[in-house]
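Quick notes on the structure that follows.
The values are calculated or read from the model by the stated rules, or taken from the named source; none is laboratory data. Everything quoted here is computed from the prediction, not taken from an experiment. Cβ placement follows ideal geometry from the backbone for every residue including glycine, while neighbour counts extend to all protein chains displayed. Accessible surface is based on the protein model in full, side chains and every heavy atom, while ligands, DNA and RNA are left aside. Shrake-Rupley method; radii C 1.70, N 1.55, O 1.52, S 1.80 Å.
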Amino acid sequence: MSNHRKRKIIINIALLSAVALIAVVTFKTAGVVGKEYSPAVYATILSLLPPVVAITLALITKEVYSSLFAGITVGALLYAGGNAELAANTMLYDESAGLVTNLTDISHAGILVFVTILGTLVVLMNKSGGAAAFGNWAKRRIKSRVGAQLATILMGILIFVDDGFNCMTVGSVMRPITDGHKVSRAKLAYIIDATAAPICIIAPISCWAAAVTYAVPEGLGINGFNMFIRTIPYNLYAFGTLVLLIAVTIGKFDFGPMKKHENNAAAGDLFTSGERPYDETETESTETGRISNLVIPVVTLILSCIFGMIYTGGFFSGTGLIDAFANADSAKGLVMGSLFTVLVTFWRYINRGVMSFKEFMAAFPAGFRSMCAPMIILILSWNLSGVTGLLGAADFIHGVMESSAASLQMFVPMIVFAVSVFLAFSTGTSWGTFTILIPIVCAIFPVNSEMLVISISACLAGAVCGDHCSPISDTTIMASAGAHCDHINHVTTQLPYVLTVASVCLAGYLAAGIIGYKTNSALAVIAAPLTLALLLATAMIIKNRVKKEETL
């Protein structure tokens, strides 16, 4: 039997099983809808079925659009209790989860506008010859594949304000350079993803710091921002991800599916497998351009987006810088910054005769077309997340944590990390994950307890970890878009790296929990260097195994 036939049989069995399960557990609610309506599966383990279906199908079929749609359909049918009419209305028009509602949400619309404008800027920089000029300049200074990857890592670290902004900007600038040094698109996507959220979650001046600040419940006498600062040394996953990334780059080894992609890239094939969802002809330019045609728009974009975010946070109305970032509306700020960058780019390109007015305007539809794939995935992911929310996934996790954590305080950091990973992976949202779990953790430990700090940090680390490898995460989708990499290729190649760091972090949080519980002091921070040392040892073992396999 062929692999294709086996795959079809597995998919059909999975779909039939899902339909049968829905019919069995939800028939009681069919047609019973009112103001106090609650589905039969609300806050049960089945509330996590829609994302599980979507993720499983995506990994089996290597096709993300239909997989996401299948997950949404399963979720809507679960919510509607088998009522097809209610399921359709839920999928499309529900006030918190519907497809149309997600498109009209101001934050979601802002992200889509920003992605479209950034796609336009990339087209403009390529057509102006700026990308080609920058690539030629970089090739003269970056002499190796290691150098190209380290430069990408450095740029990712420097753009720490927002993870989505980081993904799209780093990808746009560094893609021609990594292509020139035969770094696979999958490896580029991993580098971008690994220096986006993991950097933002340990950067005091970022949108993530603001999100954590407001996730800490008011009225407990806890300063949310100070708590965020205290969690940074305990964020084992963020530091571990950077350590492993640098280790595999400098050590010149890869493992899992990534190894195949890197070997093929060294032979000239940057993609290995999957569709080509991006128009690669737009990344080339036959014109002689200047480096400034790329540098000025990129620098303007970074500065204007930062100014846009602190403007929305009230910085120019007297609010302090930290508070301005805490109050910032990143979606609005990114749209403001990107629009301002378009105006600056227009003024420069037209005045200097880089391109005609008609050529400039033609970049807008071209930019939109280049970003259609990630925007469709984003829209479907928001729809899936909304439907999962209607099923009470957050309440289910809340109940599980509340019923078990209090009696296992020594193991709470490890448990919180594991639950955060699972929830963020299933829902595709790190912010939603720590917003759910931080109040639970705050209810378990005293305000001045070091265990509270360790457990909140474990929550943040787990949320970033699950988000990092989830196929339906905004950041994962934007990393694929920034690298112009097939989305499923990116997910499958980076998963072994994420799981390696996550496994070591579990041991690290176990150690931190034991030390913190016994001493109730910052001595528990010793778990961080021990964890990183264990991770480096693990990386060396993997490297030796890879080298041994190559010699066989």
**Asked** Arranged from highest to lowest average of other beta-carbon atoms within 10 Å per residue, in what order do the peptides 90-103, 362-375 appear?
**Response** 362-375, 90-103
**Whole-Hz couplings from phi, Karplus 6.51/-1.76/1.60, listed for segment 483-500; x for Gly and Pro** = 8, 6, 10, 4, 4, 5, 4, 4, 5, 6, 7, 8, 4, x, 5, 5, 5, 4
**Request:** Report the calculated FRET efficiency for GLU359 and GLU549 (r = Cβ-Cβ distance, R0 = 60 Å), to the nearest 0.05.
**Result:** 0.75
**Area projected by the alpha carbon convex hull of segment 44-138, averaged over all directions, nm²** = 9.4 nm²
**Message:** For a protection proxy built on the mean count of beta-carbon atoms within 10 angstrom, sort 62-68, 166-172, 238-244 highest first, please.
**Reply:** 166-172, 238-244, 62-68
**Residue-by-residue Karplus 3J(HN,Hα) for segment 366-383, coefficients 6.51, -1.76, 1.60, Hz, glycine and proline x** = 5, x, 5, 4, 5, 10, 4, 4, x, 5, 5, 5, 4, 4, 5, 5, 4, 4
**Item:** Ellipticity estimate at 222 nm from DSSP helix runs (n ≥ 4, -39,500 (n - 2.57)) divided over the chain, nearest 500
**Value:** -24000 deg cm²/dmol
**Fill in**
Of the residues PRO446, SER304, SER292, the Cα lying farthest along the dipole of the chain towards its positive end, which is defined by charges on the beta carbon of Lys, Arg, Asp and Glu, belongs to SER292
**Asked** What is the chain by shape, rounded, prolate or oblate, if you read a ≥ b ≥ c off the alpha carbon gyration tensor as root eigenvalues and call it rounded for a/c under 1.5, prolate for a/b larger than b/c, and oblate otherwise?
**Response** rounded
**Asked** By per-residue mean of other Cβ atoms within 10 Å, what is the highest-first order of 74-84, 192-202?
**Response** 192-202, 74-84
**Item:** Sites LYS252 and LEU92, calculated FRET efficiency, Cβ-Cβ separation with R0 60 Å, nearest 0.05
**Value:** 0.75
**Request:** Work out from phi, with θ = phi - 60° and the Karplus expression 6.51 cos²θ - 1.76 cosθ + 1.60, the ³J(HN,Hα) of each residue of segment 133-142, listed in order in whole Hz, and give x for Gly and Pro.
**Result:** 5, 5, x, 5, 5, 5, 4, 6, 10, 9
**Message:** If I model a spin label at ASP395 and PHE346 as a point 7 Å from the Cα along the Cα→Cβ vector, what separation in nanometres do I get?
**Reply:** 4.9 nm
**Message:** Let's test the formula: R0 of 60 Å, r as the Cβ-Cβ distance of LEU339 and ALA533. What FRET efficiency results, to the nearest 0.05?
**Reply:** 0.80
**Request:** Return the carbon/sulfur percentage of the accessible area of segment 432-530, one whole number, probe 1.4 Å, all protein chains in place.
**Result:** 70 percent
**Prompt:** Classify segment 425-547: rounded, prolate or oblate, from the alpha-carbon gyration tensor (a ≥ b ≥ c, eigenvalue square roots; a/c under 1.5 rounded; otherwise prolate if a/b is larger than b/c)?
**Reply:** oblate
**Message:** Can you give me the long-range amide H partners of HIS484? Hydrogens built in the peptide plane at 1.01 Å from N, cutoff under 5 Å, separation of 5 or more residues or another chain.
**Reply:** none
**Fill in**
Any residue on another chain or 5+ positions along whose placed amide H is under 5 Å from the amide H of GLY313 is listed here as ASP329
